[in-house]
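Student: This is the structure I have questions about; it appears just below.
The values are calculated or read from the model by the stated rules, or taken from the named source; none is laboratory data. Just so we're clear, the structure is a prediction, and the values are computed from it rather than from any experiment. Cβ sites come from the backbone with ideal geometry, for glycine too, and all protein chains shown count toward neighbours. Heads up: the accessible areas ignore ligands, DNA and RNA and are worked out on the full protein's heavy atoms, side chains in. Shrake-Rupley method; radii C 1.70, N 1.55, O 1.52, S 1.80 Å.
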Amino acid sequence: MDSCAHPSLMSVEQALSHLLEQLSVKSETAKFPIEKSHGHYLADSATAQTDIPSFANSAMDGYAFAYDDLANNSSLEITHHILAGDTTSHQLNAGECARIMTGAPLPIGADTVVMQERTEVNDNHMSINGSVKKGENVRLPGESIAQGTQVALSGDKISAAHIGLFASIGLTSVQCFKPLTIGIFSTGDELKQPGQPLEFGQIYDSNRAMLAAILHQLPVQVIDYGAINDDLEAITQVLATADKQCDAVISSAGVSVGTADFTKTALETLGQIEFWKVAMKPGKPFAFGRLSNSVFFGLPGNPVSAMVTFLQLVVPALTKLGGGKVHPSVRWPAIATTPFKKRPGRTDFQRAIAHVNAQGHWEVQSSGFQGSATLTTFIGANCFAVLEKDRGPVSKGEIVQIEMIPSILTA
Ligand code: AMP
Ligand code: MG
């Protein structure tokens, strides 16, 4: 029997919901100046204390007047010049208008602004070419944000737009979740570091640098514990140290059933760990558990498997631990323009290249050899073709679901 189709495999969806169910926010909160809040998770909602804008103002460079005045006057006398930032309160009388700039406060008595391109000025009188609508080009108080509106919610990842919004409602700081401390290490006697000569049977440790690169783009601090030999004592020691110093510990390799895989034995003495077989490809062996202080994630050793399990399972888990809102993956259908090799039994996350064709439809092609040690198929790929668990081979022309590879990976 194909072990990949074994019924005890857990689906990716089950694995993710188990993780999220068992985890709760671990980060504490602190006040962050808004300019330092980018990329952090908001811990409190942010509410506008006043209307934005707080005063009626012009949306154009033009002339402000009372609409009803047009019924009695073919032209209006220009009696005021109002610039943005003018803090005096101007008043129009019947038959008058004000030259007004974008963002300048509307004078009392005015309700409409005509853009200057549609006007003519003669002898300090303004007349309008064509028709205008009552109230046009006026921004009303509270039009952008009404007083009391929650502009951001707890768990939002703070973007540049959030920061602009915070500034627009007058905030100087916001309450955020503090970054989690994440420990990472690789395991394997075969691992050498780039720069060292390779002997027969050895490979370079690619997982650690790759995972660190992604983690550095998340709101976390990273402690790198290096590459650890397949040695029970060494692994136990690094796990014990990392547990004390970190909120979450992530290792790669040593979570399958190989005889030299000591991670399992070490973990069993230090905490409560579950070893899962997740029905995903690449992927499958995955460990999750709790040490005394931290949460542990054990990724498969093969680099593509490590990356895909990290993105699909660990990133959402870290988001929840760190106080962020976990959003479901966004997928949509695309037409396969190449065949995709696939066997039923596991959900495949194949690296692929998607684009919109001349008819406006999404098309997707495989980015090449899908070996779980072959990182090259990530280069140039912009999406995963997510091929359902029970699906077999995909022929050209069939519809498949695609999910964009997050920019933290493609950068
Ligand atoms: P394991 O999970 O220990 O059985 O490892 C599975 C495969 O991943 C083996 O071929 C390992 O040599 C490889 N591997 C393990 N760790 C790394 C790493 N840090 N970088 C690249 N390949 C690795
Ligand atoms: Mg190994």
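Student: For the chain, which longest stretch is free of loop sites, where a loop site is one of the GluC sites (Glu not before Pro) that DSSP puts outside H, G, I, E and B and that has at most 10 other Cβ atoms within 10 Å? Don't skip to the end; give the middle numbers.
Tutor: Working: sites that count: GLU28, GLU199.
No qualifying site falls inside 200-411, the longest such stretch.
Student: Additional query: Treating only the Cβ of Lys, Arg, Asp and Glu as charged (+1, +1, -1, -1), what charge dipole size does the chain show about its Cα centre? Round to the nearest 20 debye.
Tutor: Charge dipole, the chain, about its Cα centre: 1220 debye, nearest 20.
Student: Hey, what number do you get for the chain at 222 nm if only DSSP H runs of n ≥ 4 count, each worth -39500 (n - 2.57), divided across all residues, to the nearest 500?
Tutor: Value at 222 nm, helices only, nearest 500: -4500 deg cm²/dmol.
Student: Another question, if that's okay. Principal axes first, then extents: for the Cα atoms of the range 171-211, list largest minus smallest coordinate on each axis, whole Å, largest first.
Tutor: 60, 17, 10
Student: For a distance above 21 Å, tell me the whole-number percent of Cα pairs in the range 57-139 that qualify.
Tutor: 14
Student: Compute a Gaussian network model of the chain, connecting alpha carbons closer than 10 Å, and tell me which residue from GLN370, GLN91, GLN150 fluctuates the most.
Tutor: Largest GNM mean-square fluctuation: GLN91.
Student: Of the DSSP beta bridges with both residues in the range 316-411, give the percent that are antiparallel, rounding to the nearest 5.
Tutor: For the range 316-411, the DSSP antiparallel bridge percentage is about 90.
Student: When the chain is treated as a GNM, springs tying every alpha-carbon pair under 10 Å, which of GLY39, GLY135, GLY360 comes out with the largest mean-square fluctuation?
Tutor: GLY360
Student: Can you give the relative contact order of the range 327-411 as a percent, counting alpha carbon pairs under 8 Å and 6+ residues apart?
Tutor: For the range 327-411, the relative contact order is 42 percent.
Student: Using the beta-carbon distance between GLU120 and GLU35 and R0 = 41 Å, what value does 1/(1 + (r/R0)^6) give for FRET efficiency, to the nearest 0.05?
Tutor: Values: r = 46 Å, r/R0 = 1.13.
The value I calculate is 0.30.
Student: By accessible area of protein heavy atoms, probe 1.4 Å, what ranking do PHE55, PHE200 get, highest first?
Tutor: On the way: PHE55 90, PHE200 210 Å².
Ranked list, largest accessible area first: PHE200, PHE55.
Student: Continuing with the same structure: Run the simple label-point estimate for HIS18 and LEU232 please: 7 Å along Cα→C-beta, distance reported in nm.
Tutor: In this crude spin-label approximation the distance works out to 2.6 nm.
Student: Among ASP61, ASP205, ASP189, whose mean-square fluctuation peaks in a Gaussian network model of the chain (Cα, cutoff 10 Å)?
Tutor: ASP61
Student: Could you work out how much longer the chain between THR265 and LEU198 gets when fully extended? Use 0.36 nm per residue separation minus the Cα distance between them, nm to one decimal.
Tutor: Result for the pair: 21.3 nm of gain on full extension.
Student: What residues have an amide H closer than 5 Å to that of THR29, excluding those fewer than 5 places away on the same chain, when H is modeled at 1.01 Å from N in the peptide plane?
Tutor: The list, which skips near neighbours in sequence, is LYS178.
Student: Do you know the relative contact order of the chain, to the nearest whole percent, from alpha carbon pairs under 8 angstrom that are 6+ apart?
Tutor: About 16 percent, as a whole number.
Student: Here's a follow-up. Using the Karplus equation 6.51 cos²θ - 1.76 cosθ + 1.60 (θ = phi - 60°), what ³J(HN,Hα) coupling, rounded to whole Hz, does each residue of the range 76-91 give in order, writing x for Gly and Pro?
Tutor: Here the 3J(HN,Hα) series is 10, 7, 7, 10, 9, 10, 10, 9, 4, x, 5, 9, 7, 9, 8, 10 Hz.
Student: Follow-up question, since we're still on this one. Quote the accessible area belonging to MET404 in square angstrom, nearest 10, computed with a 1.4 Å probe and with ligands, DNA and RNA left uncounted.
Tutor: Result for MET404: roughly 60 Å² accessible.
Student: When the chain is fully extended, how far beyond the present Cα-Cα distance does LEU83 get from PHE55, taking 0.36 nm per residue of separation? Write down the numbers at each step before the final one.
Tutor: On the way: separation 28, 0.36 × 28 = 10.08 nm, distance 1.41 nm.
The LEU83-PHE55 span can extend by a further 8.7 nm.
Student: Hey, another quick one. Over the range 78-124, with a single point scatterer placed on each C-alpha, what log10 of the ratio I(q)/I(0) does the Debye formula yield at q = 0.20, 0.21 1/Å?
Tutor: Summing over Cα pairs of the range 78-124 leads to -0.66, -0.72.
Student: Express as a percent, rounded to the nearest 5, the fraction of DSSP beta bridges in the range 57-139 (both residues included) that run antiparallel.
Tutor: 75
Student: Determine, from the Cβ-Cβ distance of GLU388 and GLN217 and an R0 of 30 Å, the FRET efficiency 1/(1 + (r/R0)^6), rounded to the nearest 0.05.
Tutor: In this case the efficiency is close to 0.50.
Student: As a test, work out the antiparallel percent of DSSP beta bridges whose residues both lie in the chain, rounded to the nearest 5.
Tutor: Counting only bridges with both partners in the chain, antiparallel ones make up about 65 percent.
Student: Straight distance only, please: which lysines reach the Cα of LYS325 with their own Cα at less than 16 Å, same-chain residues fewer than 8 apart left out?
Tutor: Filter leaves LYS26, LYS157, LYS178.
Student: Shifting gears a bit: Can you give me the Cα centroid spacing of the range 122-147 and the range 279-331 in angstrom?
Tutor: So the separation of the two Cα centres works out to 54 Å.
Student: A follow-up question, please. Expected output is a single nm value to one decimal: the length gained when fully extending between VAL257 and LYS325, i.e. 0.36 nm times separation in residues minus the C-alpha distance. What is it?
Tutor: Value of the extension gain: 21.0 nm.
Student: Quick one: Cα convex hull volume of the chain, Å³ per residue?
Tutor: Normalising the Cα hull of the chain by residue number yields 202 Å³.
Student: Using the beta-carbon distance between GLN272 and ALA373 and R0 = 22 Å, what value does 1/(1 + (r/R0)^6) give for FRET efficiency, to the nearest 0.05?
Tutor: The calculated FRET efficiency here is 0.10.
Student: Quick one: 3J(HN,Hα) in Hz for the range 297-307, Karplus 6.51/-1.76/1.60 with θ = phi - 60°, rounded, Gly and Pro as x.
Tutor: The phi angles translate into 10, x, 8, x, x, 5, x, 5, 5, 4, 5 Hz.
Student: Starting from the residue with the highest accessible area, list ARG290, ARG391, ARG118 in decreasing order, probe 1.4 Å.
Tutor: ARG290, ARG118, ARG391
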